[in-house]
Amino acid sequence: MHLKLSSEDMAFQEEVRDFLNNNLSDDLKQKSSIQASIRTDPDTAGQWAKILGKKGWLAYTWPTSMGGPGWDIVKRYIFESECALVGAPAVNTMGFRMIGPIIDKFGTQEQKDFYLPRILMHDDSWCQGYSEPGAGSDLASLQTKAVPDGDDYVINGTKIWTTGAHYANRCFCLVRTSTDGKKQEGISFVLIDMDTPGVDGQPILMISGDHELNQVFFDDVRIPKSNLVGEENDGWTVAKYLLEFERGAIAYTPTLNAGLRSIEEIASIELTGHGDRLIDDPGFIKKLRDLEIRVMAAEFTEKRAMSALSTGQNPGAKSSMYKLMGSELGQEIAELKMEAVGHYALPFLPESRVPGNNITYPGPEHTRTVTAKYLNGRASTIYAGSSEVQRTILSKQVLGL
Ligand SMILES: Cc1cc2nc3c(=O)[nH]c(=O)nc-3n(C[C@H](O)[C@H](O)[C@H](O)COP(=O)(O)OP(=O)(O)OC[C@H]3O[C@@H](n4cnc5c(N)ncnc54)[C@H](O)[C@@H]3O)c2cc1C
């Protein structure tokens, strides 16, 4: 792994900057900048995903064999960093990051031919139906049942915390097809069209006021057996592969670095109680530099994990380490940003973050999303494996406890 950019990589960086300059409109940037969710609203993000798809850069983590650009880890990192720096909309990554690689590894040829080209062009929006009211960290306890009936499965049960289910048209889902043996042994991995009769969703609002999450109910939902991915009762193998992708494939540090840079910008505008610029306050700067050093350390860990992934190795415990570091640092950055904007952190106006709203936010523009992002970001140490679960993995796999 080389840490300095080669001349080829620098030329690629210029190509990405040119592309962003020419294709990311001010309108898309503005709509994206006023939002606090991990994902930009489906209209804005969908438009951007289509533009990326046309360029061949939506599924930018995919090898050329799957129709992706075949970028190495450095190019991916450059792309992510440049997108984070200009505030590009955050697209729904569940298609190309999660279900795409699963279908490529475990799917039938028919499934590959149908779904992969659609993911490349963002023709579908996917959601993940794993968690249930009684099965989160202990996922194998899931109870949603799929009962074989002729050429179909009939599904009954409920999924919770399903991000984006209210606009997704497809869901990849873990269901119980057997109660024999260990609980991991009776699980299957299926694909469900969200417009199938019997699928219903209820919104769950987050503390930030955002609607990202849902509870989804399945009431006698009939899907064809051809929607099974992998073998019946072997869904746990598929799920484990996906969890590794989920933890091992998200790059946190481009966003963390963009967050640090924006604190620096805010601190050169905002004043302390004594009327000095915040950036000149030694106490504040110490906190900022401390975070910068820890983000740099996280960046090296992240690159090590990505390097392992790009050479086909299993990132193993490294992905737990950087999920832990990335999510906790993100929360600390959000907290320092709140401190930087002072009393402007107080207004709670979720409506002012809806694209096209006509609400005047009672503070400078750079303060609009600060508190909402802080609140929304509390979830990052829960989803994709909570911090406690990651620490347990590290204690077992690294420390051998
Ligand atoms: C914003 C957000 C988006 C999400 N999106 C999705 C989605 O799209 N699809 C989906 O399927 N799920 C999604 N989830 C669900 C997420 O995966 C679960 O919330 C997570 O796995 C934790 O499960 P739980 O909420 O049931 O908490 P629990 O598993 O009940 O955990 C409760 C607490 O106990 C701790 N704990 C649990 N087990 C252990 C243990 N063995 N050792 C130590 N501590 C433990 C946890 O760390 C936590 O603090 C999302 C969650 C959030 C917050």
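The values are calculated or read from the model by the stated rules, or taken from the named source; none is laboratory data. Since the model is a prediction, treat every value here as computed from it, not as a measurement. Please note: Cβ atoms are built from the backbone with ideal geometry, for glycine as well, and neighbour counts cover all protein chains shown. The accessibility values were calculated without ligands, DNA or RNA, using every heavy atom of the protein model including side chains. Shrake-Rupley method; radii C 1.70, N 1.55, O 1.52, S 1.80 Å.
Pairs of lysines in region 250-397 whose Cα atoms sit within less than 24 Å of one another amount to 13, provided the residues are eight or more positions apart or on different chains.
With every protein chain present, what is the per residue accessible area of region 7-91 (1.4 Å probe, Å²)? Present the calculation step by step, with values, prior to reporting the outcome.
Values: 3810 Å² over 85 residues.
The answer is 45 Å² per residue.
The share of Cα pairs per 10 Å bin across the chain, counted from zero up to the longest distance, runs 5, 21, 31, 27, 13, 3, 1, 0 percent.
Here is how the number arises for the chain: DSSP H runs of 4 or more residues each give -39500 (n - 2.57), the sum is divided by the residue count, and the result at 222 nm is -14000 deg cm²/dmol.
Of the beta bridges in the chain, as assigned by DSSP with both residues counted there, near 85 percent are antiparallel. Considering only N376, S352, S327, and ranking their Cα positions along the charge dipole of region 250-397 that arises from unit charges at the beta-carbon of Lys, Arg, Asp and Glu, the one farthest toward the positive end is S327. Under the convention that each Lys and Arg Cβ holds +1 and each Asp and Glu Cβ holds -1, the size of the dipole of the chain around its Cα centre is about 740 debye. Students often forget the sequence filter, so: which aspartates and glutamates lie under 18 Å Cα-Cα from K145 once same-chain residues fewer than 8 apart are removed? Within the straight-line cut-off, K145 pairs with E132, D180, E185, D193, D200, D219, D220, E231, E232, D234. Ordering 52-60, 124-132, 344-352 by mean Cβ neighbour count within 10 Å, with the highest value first, yields 124-132, 52-60, 344-352.
Here the accessible area of region 250-397 is 57 percent carbon and sulfur, with a 1.4 angstrom probe and all protein chains present. Taking a straight line from the alpha carbon of K54, these lysines sit under 26 Å away, with near neighbours fewer than eight places off in the same chain left out: K29, K31, K75, K105, K112.
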